[in-house]
Structure formats: C-alpha cells, structure tokens
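See structure below.
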Amino acid sequence: MTELMSALDVANKVFGRVFKGYNPGEVDAFLDQISESLHGYAQQILDLQRELDLLRDKEESHEKLKESLQETLLFAQKSSEERLQAAEKQAQAVIAEAKAQADRIVGAAQEEVALARRELKDLQEKRQEFLADFRALLFRYQNLLEGGSEAERP
C-alpha cells in the first residue's frame, strides 16, 4: 500500500533539473497549490475525525440514556403492576369485610325480628289468657248476680 503524503512532503519535494524540462516556477507554484490543498484536506480530516468522535460519544451517551430510560420504564411498569395488585387485594379485603359486616348486621336484625315475634306471640298468648280469665270472672259475677237475685226472692 502506498504511504500517504503530507502537505509538508509536497512542499519540500525538490525535482532534479534537466534540459528542456518543465518550468521550475510553474512546478513550484503547482506544488504549493497541492501542498495547500493537502493541508486543507488534512485539516478537514482532523475536524471530521473530531466531529465523528463527538458523535460517537453522543451516540454512546444516548445509548446509555436509552438503556436507563428502558430500565426506568420497566421499573415503573412493574411498580404500577405491583401497586395495582396491592390495590386489588386491598379492595377485595374491604369488600370481604363489608360483606362480613353486612352479614353481621342482617343476622342481628333477623335475631331482633325473631325476638320481637316471640314477644308478640307471648303478648298475644297473655292477652288470650287475660281475655279468657276476664270472661270467666265476668261469668262468675254474672252467675253470682243472677244467683243472688234468686236468693233474695222468696
């Protein structure tokens, strides 16, 4: 492979003189133009290399940022799923507790209704007993009154 020449190599190049050769002034002027062009190209290459290095650094930084964002996104997604599951469990626990409390309330109300029905039945039975006793008492008084009136008659 050919070794690359620098602008300095071109500027320092000296050609031997021959009879009926090229005009040395024109050759030197052309070599100066080539040297300046090579120097400009070398500077552009250095600038482009620096820019390429910066872009590579930025790309690497962006890749790291992308990975970090992906990890953060995965963490946030996992965290939200865990929170959602915890909230669902808590909601189920609250519902279960509410159902249990409702069952207790309904059970207590049913017991109160049963107690009230027993008391009502007892009161109805006592009323019937009272009415029967009162009728019997009235019947006795009536018999006494009727019997007492006959006793007063001769």
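Here is a list: LEU69, LEU31. Which entry is part of a helix (DSSP H, G or I) and touching a Lys or Arg at 6+ places or on another chain (Cβ under 8 Å)? Before you say what the answer is, go through the steps one by one.
Details: LEU69 fails: touching a Lys or Arg at 6+ places or on another chain (Cβ under 8 Å).
Unique residue meeting the criteria: LEU31.
Given LYS99, LYS126, which one is charged (D, E, K, R), under 34 Å from the mean Cα position of the chain (by Cα) and assigned to a helix (DSSP H, G or I)?
LYS99
So, in the stretch 1-24, how many residues would count as being of a type in the set (A, V, I, L, M), surrounded by 10 or more Cβ atoms within 10 Å (Cβ to Cβ) and part of a loop (DSSP other than H, G, I, E, B)?
1
FYI, it's all coordinate maths here, none of it is from the lab. This is a predicted model, so every value here is computed, not measured. Please note: Cβ atoms are built from the backbone with ideal geometry, for glycine as well, and neighbour counts cover all protein chains shown.
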